[in-house]
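These notes are about the structure you will find just below.
The values are calculated or read from the model by the stated rules, or taken from the named source; none is laboratory data. This is a predicted model, so every value here is computed, not measured. Glycine also receives a Cβ, built like all others from the backbone with ideal geometry; neighbour counts cover every protein chain displayed.
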Amino acid sequence: MPSSPLLARVLQLNSRLRGGGTDIQCLALSQGLARRGWKVEIAGPADAPLSPEASNLSLHKIPRFRPLQILTLSRLLRVSRPRILHAHHGDDYWTALLASRLARPSPLVVFTRHLAKSPRSPLSRKHLFANADAVIAVSGFVAQVLRQGHDDPASAVRERHHRHSCRIDPKRLHVIHTGIDTDAFRPMEPSFSSAARKKLGLKDNEIVFGVVGGFDLPVGKGQRVFLRAAKEVISRLPRARFLLAGKGSMESTLLQDIHHLGLDLRATLVGHQADPLLLHHALDILVHPQIATEAFPSVVLEAHACGRPVIASELDGIPEAWRIGGVGQLVSPGDTHSLARAMIQQAEQPAPTEKQRNEMHQRVVEHASLPVQAKRVEDLYRRLMAR
């Protein structure tokens, strides 16, 4: 067990707790810090989907109305007196800063930036990150966006055209990768994969490609690119199957694509899967064909931790996540033909051996597991308190 840190009280601010990636990562970090001996409390809503899970750590209820949130949080800070106030959603950054200024003693304020975007407001870009005691970027690319901005005017996705730089002290900016549960996501016996395939109506002799992630408008995770590539793949690999796991507002569009591309018998929308481990082991190859912004995709880490090759778009923070496991290929985003070629090439290679699968898993354990993330955040907290 790690030694209990000095003055180790931290308050995690999360005004949503709805179940998105940032919420799940916030709670996972909180649990990891608690296991390392920190006194972790959460300020959040009382009636959100993840509120019961937050209550296991100690949930302080805050209202949804922003001005009342600031006043409630400032009172909580005066009573609870944490050394660290850590905010995760962009909506919570100003709340954390203003509440900390109203409280005495004032806590150290830490932000985690989970998005590969800069704030829309010029006021926020100028003052938010400059006034935090520390900013954690979940990838080097996110740190680059905050420091320098990023331009991709040729992209078909408008949000990629221009991302502003922000005013920030480079000494206060720290890259700490998001971690995943490598005890849960791990290589399994072939019998487990067979059972996973059977549950999803797949055969053992089929080559199964899959995209895992939501598909909200305008472009989801690039699922339409995946389906167009599937049309090319099927001519070379007639035994191929294509799964799209997730939910979103593009469902009718994707169903139409499947029909128009002649993939009715080969491509399937399987909805949100409650057991992601089973889903990863039903796939031979994960495809992550993102064409919008992406900070640091956990799904790529999960697939590699399970010993699965990954074909992913070479944009934003995706290569950082992919290179940890390092098996599969990176392709140009939105290039249907390159994606199809990569899918065919990967399928025609021998599947990873047991040794290779275990090596992939170990690389994720060492570089992007929950304990590693919690330790790196703890080290940052300690440096801030010592300063």
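Key figures for this structure:
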{"quantity": "Which numbered condition Ala230 fails, given (1) under 15 Å from Val270 (Cα atoms); (2) in contact with a strand residue (DSSP E or B) (Cβ under 6 Å, 6 or more places away or on another chain); (3) aliphatic (A, V, I, L, M)", "calculated": "(1)"}
{"quantity": "Residue check, Arg197 within 28 Å of the chain's Cα centre (by Cα) and assigned by TED's automatic domain parsing to the domain that holds Ala274", "calculated": "yes"}
{"quantity": "Positions within region 348-372 being in contact with a helix residue (DSSP H, G or I) (Cβ under 8 Å, 6 or more places away or on another chain) and of a type outside the set (Lys, Arg), in sequence order", "calculated": "Pro352, Met360, His361, Val364, Val365, Glu366, His367, Ala368, Leu370, Pro371, Val372"}
{"quantity": "Which numbered condition His259 fails, given (1) surrounded by fewer than 17 Cβ atoms within 10 Å (Cβ to Cβ); (2) part of a helix (DSSP H, G or I); (3) in contact (Cβ under 8 Å) with a residue 12 or more places away in the chain", "calculated": "(3)"}
{"quantity": "Residue count, region 98-146 (criterion: surrounded by fewer than 23 Cβ atoms within 10 Å (Cβ to Cβ), among the charged types (D, E, K, R) and touching a strand residue (DSSP E or B) at 6+ places or on another chain (Cβ under 7 Å))", "calculated": "2"}
{"quantity": "Candidates Gln356, Gln345, Gln362, Gln373 - the one that is among the polar types (S, T, N, Q), farther than 23 Å from Lys231 by Cα and free of Cβ contacts under 8 Å to residues at least 40 places away in the same chain", "calculated": "Gln362"}
{"quantity": "Region 214-248, subset more than 19 Å from Ser332 (Cα to Cα) and among the small types (Gly, Ala, Ser), residue surrounded by the fewest Cβ atoms within 10 Å (Cβ to Cβ)", "calculated": "Ser235"}
{"quantity": "Check on Gln31, out of contact with any Phe, Trp or Tyr (no Cβ under 8 Å at 6 or more places or on another chain), of a type in the set (S, T, N, Q) and under 20 Å from Asn131 (Cβ atoms)", "calculated": "no"}
{"quantity": "Leading residue by the ranking (nearest to Ala195 (Cα to Cα)) among those in region 252-281 that are of a type in the set (S, T, N, Q) and in contact with a helix residue (DSSP H, G or I) (Cβ under 9 Å, 6 or more places away or on another chain)", "calculated": "Gln273"}
{"quantity": "Every residue from region 267-293 that is farther than 16 Å from Arg224 by Cβ and not aliphatic (A, V, I, L, M)", "calculated": "Gly271, His272, Gln273, Asp275, Pro276, His280, His281, Asp284, Thr293"}
{"quantity": "Those helices (runs of 4 or more DSSP H) lying entirely in region 110-212 with at least 3 residues in contact (Cβ under 8 Å) with a residue 12 or more places away in the chain and either touching a Cys at 6+ places or on another chain (Cβ under 7 Å) or closer than 30 Å to Leu265 by Cβ (or both)", "calculated": "190-199"}
{"quantity": "Residues located in region 101-134, provided they are under 20 Å from Ile70 (Cβ atoms) and in contact with a His (Cβ under 7 Å, 6 or more places away or on another chain)", "calculated": "Val110, Thr112"}
{"quantity": "Filtered residue count, region 98-109, keeping only those that are over 17 Å from Val79 (Cβ atoms) and either in contact (Cβ under 8 Å) with a residue 60 or more places away in the chain or in contact with a Phe, Trp or Tyr (Cβ under 6 Å, 6 or more places away or on another chain) (or both)", "calculated": "1"}
